[in-house]
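Below is one structure; the comments refer to it alone.
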Amino acid sequence: MEQEIYKKLATHLDNLPGGFPPTESGVELRILKRLFTPEEAELAVYLTLLPEEPRVVARRAGLPTGEVTQRLGRMALRGLLLRQESNGRPERYMAAQFVVGIWEYHVNDLDQELIKDVNEYLPALGEQSWKVPQLRTIPVGRSVTPQLEVMPYEMAEELVRAQTRFSVGPCICRREHTMMGKGCDTREESCLGFGAAVDYRKKNGLGREIDLQETLDILKWADKAGLVLQPANAKDALWMCLCCGCCCQVLKMFKRQAKPAAMASSPFLASYNPENCKSCGICVKRCQMEAIKKLEDTGIGLDVDRCIGCGLCVSTCPTDSLSLIRKPESEQPQVPKDFVDAAIKLGKARGKITTPGLIKMVVKSKVDRILATK
């Protein structure tokens, strides 16, 4: 009976945009058992992509409102779902995807067994979740020249300045690698959150609120540290990851591919002019995708099929031999408007969301809301 509860939850998570596909080993069920109690798993399947009050979820689950209210509050603090707060209104709750979502929300209570299971599972999850990437790559600020036409949502500083609230928290990739004895010396506190993400992170102990200047200082540090900037795949991004190629699971997955450029959501790639190149090798060390190699007699070699357009090689080139150029229009990814638009696009790409299905979900939620008042 308990096994069926977790299978039902796994199916529910797989029907969300980010996916949670089954495996032959059943590792995905082991993960859920580590994170959810049977009672939490039973309640989680009644959450949707729409934020709803506890009374609505309680009616759908056939449970008392008071009990569901308490249980949802505890589950939100344990990183098992998303909580939306409104001034003067009851808190509302919605389903959280496994990635990006539940996994990242457990950065403070990892253990080695959970890390082993998730690392075993990530390849299966990655194979089907990148039809519409949840992250995109944007260039570091110093790599953008006045001649390069760049949209505001393609520039880290502009993206940040468009926000009013900021937070920073630990990177789960660096923390899990450190716990397994495979980490690097890059500081953990580096994941940026904006807007609505700030309250959730603060309340769940996943980060601290900071001001605009500290956020901009962190971006400058990221450039010096050679980190790839990966905000959420939306023009109005709620978070931005500052990633190293040795720990970031996304970059590691890219690096294993023959052509990372085809997987990364980026409108740029590097261009090399050998005329002034002195073969100093700085760009080779900073490239996280091994797209640049030092040649014996002819400067460096640039493999554009491995370039994800992060600009790290450009920002520190002492001879301006490297620059960023925009890809042909047909190869430039469309950036969703916001988190909701990105989730819908990913769900549709995976065949999990259809327009009639969305309409049905909205209508059902409204009906449940009305009936829950009676």
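Please go through the stretch 2-91 and write out the GluC sites (Glu not before Pro) that DSSP classes as loop and that have at most 15 other C-beta atoms within 10 Å.
The qualifying sites are Glu24.
Describe numerically, in nm with one decimal, the distance between label points set 7 Å from Cα along Cα→Cβ at Glu275 and at Thr298.
If labels sit at Glu275 and Thr298, their model points lie 1.9 nm apart.
Mind giving me the nanometre distance, one decimal, between the label points for Lys259 and Met94, set 7 Å out from Cα along Cα→Cβ?
So the two model labels end up 3.5 nm from each other.
Using every Cα-Cα pair within the stretch 48-95, state what percent have a distance larger than 12 Å.
The calculated P(r) of the stretch 48-95 puts 58 percent of pairs beyond 12 Å.
Compare the Cα positions of Leu16, Cys246, Leu192 along the charge dipole of the chain (+1 at Cβ of Lys, Arg; -1 at Cβ of Asp, Glu; about the Cα centre) and return the one farthest towards the positive end.
Of Leu16, Cys246, Leu192, it is Leu16.
Between Leu135 and residues 5 or more places away or on another chain, which pairs have amide H atoms under 5 Å apart, with H built 1.01 Å from N, and which residues are they?
When sequence neighbours closer than 5 places are left aside, the close amide H contacts are Asn233.
Just want the answer: with Cβ charges of +1 for Lys and Arg and -1 for Asp and Glu, which residue in Leu110, Gly79, Cys313 is farthest toward the dipole's positive end in the chain?
Working it through, the farthest residue towards the positive pole turns out to be Gly79.
Kirkwood Rh and Cα-based Rg: tell me the resulting Rg over Rh for the stretch 155-225, rounded to two decimals.
1.00
With +1 on each Lys and Arg Cβ and -1 on each Asp and Glu Cβ, how big is the dipole of the stretch 231-297 about its Cα centre, in debye rounded to the nearest 20?
For the stretch 231-297, the charge dipole is close to 220 debye.
About the Cα centre of the chain, how large is the charge dipole given +1 on each Lys and Arg Cβ and -1 on each Asp and Glu Cβ? Please answer in debye to the nearest 20.
Result for the chain is approximately 800 debye, rounded to the nearest 20.
Counting alpha carbon pairs within less than 8 Å and at least 6 residues apart, what relative contact order, in whole percent, applies to the chain?
After rounding, I find 17 percent.
Where does the chain land on the Kirkwood hydrodynamic radius, alpha-carbon pairs, in angstrom?
21.9
Express in Å², to the nearest 10, the accessible area of Lys202 obtained by rolling a 1.4 Å probe over the protein heavy atoms while all chains stay in place.
We get 100 Å² for Lys202.
Can you list the residues, at least 5 places off or on another chain, whose amide H is less than 5 Å from the amide H of Ile210, using H built in the peptide plane?
The answer is Phe166, Ser167, Val168.
I want to check the label-to-label distance for Gln334 and Trp221. Put each point 7 Å from Cα in the C-beta direction and report it in nm to one decimal.
Distance between label points: 3.8 nm.
Could you tell me the center-to-center distance, by alpha carbons, between the stretch 5-59 and the stretch 169-184 in angstrom?
26
Tell me, what HN-Hα J-couplings in whole Hz come from the Karplus equation 6.51 cos²θ - 1.76 cosθ + 1.60 at θ = phi - 60° for each residue of the stretch 227-237, using x for Gly and Pro?
3J(HN,Hα) across the stretch 227-237, in whole Hz: 9, 7, 8, 10, x, 4, 6, 7, 5, 9, 7.
Over 29 Å between C-alpha atoms is what I'm after, so list which of Lys220/Lys294; Lys182/Lys235; Lys220/Lys278; Lys235/Lys294 land there.
Beyond 29 Å: Lys182/Lys235; Lys235/Lys294.
Could you compute the net charge surrounding Gly226? Neighbours are other residues with a C-beta less than 9 Å from the C-beta of Gly226; K and R count +1, D and E count -1.
Details: positive: Lys224, Lys285, Arg286; negative: Asp223.
So the surrounding residues net to +2.
Principal axis lengths of the stretch 227-322 from Cα atoms, whole Å, largest first?
44, 25, 21
Which of Lys116/Lys348; Lys259/Lys327; Lys252/Lys348 have a Cα-Cα distance over 23 Å?
Lys116/Lys348; Lys252/Lys348
For the charge dipole of the stretch 1-142, defined by +1 on Lys and Arg C-beta atoms and -1 on Asp and Glu C-beta atoms about the Cα centroid, which residue among Val68, Val140, Leu125 has the Cα displaced farthest towards the positive pole?
Val140
For Cys191, enumerate residues with amide H under 5 Å from its amide H, sequence gap 5+ or separate chain, H modeled in the peptide plane.
Gly169, Cys171
As a check on your grasp of the helix formula, calculate [θ] at 222 nm for the chain: sum -39500 (n - 2.57) over DSSP H runs of n ≥ 4, divide by the residue count, round to the nearest 500. Walk me through the numbers on the way to the answer.
Values: 15 runs with 148 residues, N = 374.
Theoretical 222 nm ellipticity from helices: -11500 deg cm²/dmol.
Among Asp341, Asp297, Asp111, determine the one that fluctuates most according to a GNM of the chain built with springs between C-alpha atoms less than 10 Å apart.
Top of the fluctuation ranking is Asp297.
Specify the residue with the greatest mean-square fluctuation among Pro64, Pro133, Pro38, computed from a Gaussian network of the chain linking alpha-carbon atoms under 10 Å apart.
Pro64
How high is the FRET efficiency from Lys116 to Gln3, r the C-beta distance, R0 30 Å, rounded to 0.05?
With R0 = 30 Å, the Cβ-Cβ based efficiency is 0.90.
Rounded to the nearest 20 Debye, what is the dipole magnitude of the stretch 84-204 about its Cα centre when Lys and Arg each give +1 and Asp and Glu each give -1 at the C-beta?
Roughly 340 debye, rounded to the nearest 20.
Which angle between 0 and 90 degrees, to the nearest 10, do you get for helix 355-371 versus the longest principal axis of the chain when only C-alpha atoms count?
In the chain, helix 355-371 runs at an angle near 40 degrees to the longest axis.
The values are calculated or read from the model by the stated rules, or taken from the named source; none is laboratory data. These numbers were taken from a predicted model, which means no experiment stands behind them. FYI the Cβ positions are ideal-geometry reconstructions off the backbone, even for glycines, and counts take in every protein chain you see. Just so you know, the surface numbers come from the protein's heavy atoms only, side chains and all, with ligands and any DNA or RNA stripped out. Shrake-Rupley method; radii C 1.70, N 1.55, O 1.52, S 1.80 Å.
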